[in-house]
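**Q** Got a structure here, written out as structure tokens. Questions coming.
The values are calculated or read from the model by the stated rules, or taken from the named source; none is laboratory data. Fair warning: this is a prediction, and the values are worked out from it, not measured in the lab. Neighbour counts run over all protein chains shown; Cβ positions are idealised from the backbone, glycine included.
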Amino acid sequence: MPLPSNNIIVRLQDVSLSYGHTPVLQGVNLEIDARDFVVVTGANGGGKTSLLRVMLKLIAPTSGQVMYLDNGVEIDNLHIGYLPQKNAIDNRFPISVEEVVASGLYAVDKPMSKVERMQQVRLTLQQLELEQLSHRHIGELSGGQLQRALLARAIISRPRLLVLDEPLSYIDEVFAPRIYDILSQLSAHTAVVMVTHRPALVTRLATQNIKVVGCGIDCAL
């Protein structure tokens, strides 16, 4: 049964995006409610990451509107966790796994003591099985370990919206089921938007399937 409209937290209305004279998205209309799990697919270079970046307001659309909503009222900011593609991260930056994960709490409005913060970091490290790597420099990590650290950073603050750009990249087949379990648990209280080349693996979680095609999107519930 569809959720009432006041549960919508993100609305894209007639959104178009061009880079110079090259159109990337055109006339996109999309609504995401508080308990959606949106799976985004499409060809490489087809605009999936651009769609996420517009949704996150990291780039402004050429035309149209991106709105964040709370109980049907437009708000300026939405509590969002974001996992970018791994190749967008400079692993030469001198920071430990623990510090990366803790950085996900910086934008939390609720006051937290140092003890509370460290407890939340410890629990999230455990969730992603990163305890033994907590003091390791991110440049020393494998691709899969770094991906898990970045996912931990994205989820630690328990955001209202979690945006994931190819979260299973570099994750081995042994640990992948653990990622699915984590996302399944999160989807009970967090809206998830996930770009993936392996949609069949999360079909059971999806409430919307979006395919980015020809500057637009095809949507299916």
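**Q** Among the numbered criteria (1) modelled with pLDDT under 95; (2) farther than 20 Å from Gln85 by Cα, which single criterion is violated by Arg122?
**A** Only one criterion is unmet by Arg122, namely (1).
**Q** Give the stretch 138-164 a look and list any residue that's in a loop (DSSP other than H, G, I, E, B) and farther than 11 Å from Ile80 by Cβ, or say none.
**A** Leu141, Ser142, Ile156, Arg158
**Q** (1) within 30 Å of Arg122 (Cα to Cα); (2) of a type outside the set (Lys, Arg); (3) exposed (fewer than 13 other Cβ atoms within 10 Å of the Cβ); (4) in contact (Cβ under 8 Å) with a residue 40 or more places away in the chain: which one isn't true of Asn71, the others all being true?
**A** (1) is the only condition that Asn71 fails.
**Q** Related question: State all residues of the stretch 150-201 that are within 11 Å of the chain's Cα centre (by Cα) and at positive phi; if no residue qualifies, say none.
**A** Within the stretch 150-201, Glu166 is the sole residue that qualifies.
**Q** List the number of the failed condition for Met112; all other conditions in (1) within 20 Å of the chain's Cα centre (by Cα); (2) in a loop (DSSP other than H, G, I, E, B) hold.
**A** (1)
**Q** Quickly run through the stretch 13-68 and pick out the residues that are β-branched (Val, Ile, Thr) and crowded, with 17+ Cβ neighbours inside 10 Å.
**A** Listed by number, the residues that qualify are Val15, Val24, Val28, Ile32, Val38, Val39, Val40, Thr41, Thr49, Val54, Val66.
**Q** Still on this structure, I have one more. As an exercise: evaluate Gln85 against (1) among the polar types (S, T, N, Q); (2) surrounded by 14 or more Cβ atoms within 10 Å (Cβ to Cβ); (3) in the same structural domain as Val10 (by TED's automatic domain parsing) and give the number of the one condition it does not meet.
**A** Result: Gln85 passes all but (3).
**Q** Please tell me if Asn77 is within 23 Å of Thr203 (Cβ to Cβ) and of a type in the set (S, T, N, Q).
**A** no
**Q** When you scan the stretch 95-106, do you find a residue that is touching a residue at least 12 places away in the same chain (Cβ under 8 Å), among the hydroxyl-bearing types (Ser, Thr, Tyr) and in a helix (DSSP H, G or I), even just one?
**A** yes
**Q** Name the pairs: first residue in the stretch 1-23 and assigned by TED's automatic domain parsing to the domain that holds Leu56 and at pLDDT below 90, second residue among the small types (Gly, Ala, Ser) and surrounded by 12 or more Cβ atoms within 10 Å (Cβ to Cβ), Cβ to Cβ under 9 Å, at least 6 apart or on different chains?
**A** Within 9 Å, the pairs are Leu3/Ala34.
**Q** From the list Gln132, Gln120, exactly one residue is within 21 Å of Val163 (Cα to Cα) and part of a helix (DSSP H, G or I). Which is it?
**A** Gln120
**Q** Can you tell which of Gln145, Gln185 is surrounded by 15 or more Cβ atoms within 10 Å (Cβ to Cβ) and of a type outside the set (Gly, Ala, Ser)?
**A** Details: Gln185 fails: surrounded by 15 or more Cβ atoms within 10 Å (Cβ to Cβ).
Gln145 is the lone residue from the list that is surrounded by 15 or more Cβ atoms within 10 Å (Cβ to Cβ) and of a type outside the set (Gly, Ala, Ser).
**Q** Against the definition (assigned to a strand (DSSP E or B) and closer than 26 Å to Leu186 by Cβ), how does Gly27 come out, yes or no?
**A** Working: assigned to a strand (DSSP E or B): yes; closer than 26 Å to Leu186 by Cβ: no.
No; evaluated as a whole, the condition is false for this residue.
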